[in-house]
Amino acid sequence: MIENIINNLFKNFSDSEKMIGEYILKNQEKIENITSTELANDIGVGQSSIIKFAKKLGFSGYMAFKLQIGKDLANKRNLNKHKIYSDISLDDSLKEITEKTLDETMTTLQNTINLLDYKKFEEIIEKIRESNRILIIGSGMSSIVARDLELKLMKIKIDTVHYESKQMQLMKLSTMTEKDLIIAISHRGETQEVIDVIKIAKDIKIPIISITSIGKNTVSSLSDFNIGVVSKENILRSSAISSRMAQMMILDSIFLRLIQKDYENVRKNIEKSKKLVGWIDN
């Protein structure tokens, strides 16, 4: 996980941060057993630079950072085992699978929160509030996340639609204007169908918000706003279990913030929706 985070953020590092990052990537075995002061001396930077670097990666401090390095190294040492997802092996018990899944999900959620730029996050929420109509795009597993957001926004009377089909997305896009909004969801940020649609949206000046893995990728590069979640590559990458949970957490935060900003009207809309759904169910 440490390697993925550093590699994803590397282009945004300062020169001193790049020096720290390169040293860490090459010396993880050594870092597992030394203090932040010793690491700073080895690299030739101040101890505060090491602490700040660990926090920039999304950790609460050096100890949390070092613990994750220990976990990463343990995973590498177990490469002789057949892995089905992350550090879950074929011979793990159900209890071990559950505990490892929880551990990785919690780590991903915490690191994603720690890396959030809340000023930009607020700007994104305001953009959603101001938009006339919203088209949410995402294919495959990302469509599950997109559908969840669609239902949330519909509940609070925001004109929103999600289509998994590229053809339907383009048909909807042809009716949209600069006052509308695209929200693109892509795990790796390299889904070609999503890229094709947002390129057209960009050409006709429709604002684009994307939710992708952290770091530089095509979808985030084409977007006006991006929310990055921590991602860990694995052989079942299409499942993207922990990063999908992080995306859902981001969407829940957006939903709750929107409710908070217009509580009375939103409360009435949700109550009306409940009554209508109850009437239909009966």
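The values are calculated or read from the model by the stated rules, or taken from the named source; none is laboratory data. All of these numbers come straight from a predicted model, not from anything done at the bench. Neighbour counts run over all protein chains shown; Cβ positions are idealised from the backbone, glycine included. Note: areas computed on protein heavy atoms with side chains; ligands, DNA, RNA excluded. Shrake-Rupley method; radii C 1.70, N 1.55, O 1.52, S 1.80 Å.
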Pairwise FRET efficiency - Met106 versus Lys30, Cβ, R0 = 41 Å, nearest 0.05
0.90
Any idea what the dipole of the chain comes to, in debye rounded to 20, about its Cα centre with Lys/Arg Cβ at +1 and Asp/Glu Cβ at -1?
540
Helix hunt in the chain: which complete DSSP H runs extend at least 15 Å axially by C-alpha with mean Kyte-Doolittle at least 0.0?
142-155, 192-203, 241-261
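Give, in nm to one decimal, the length gained when the segment between Lys52 and Lys202 is fully stretched (0.36 nm per residue of separation minus the Cα-Cα distance).
Here the answer is 50.4 nm.
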Using 20 Å as the cut-off for backbone N distance, which residues of region 127-151 belong to the label zone defined by a point 7 Å from the Cα of Asp224 along Cα→Cβ?
127-138, 150
Accessible-area composition of the chain, carbon plus sulfur, in percent [1.4 Å probe]
54
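Excluding ligands, DNA and RNA, what is the solvent-accessible area per residue of region 1-123 at a probe of 1.4 Å, expressed in Å²?
Result: 56 Å² of accessible area for each residue.
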Identified option (computed P(r) over Cα pairs in 10 Å bins from 0, in percent; candidates (i) 6, 26, 29, 23, 13, 4, 0, 0; (ii) 6, 30, 37, 21, 6, 0; (iii) 6, 28, 32, 22, 10, 2, 0):
(i)
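Using just the helices of the chain, give the 222 nm mean residue ellipticity in deg cm²/dmol: DSSP H runs with n ≥ 4 each add -39,500 (n - 2.57), and the total is spread over all residues, rounded to 500.
-19000 deg cm²/dmol
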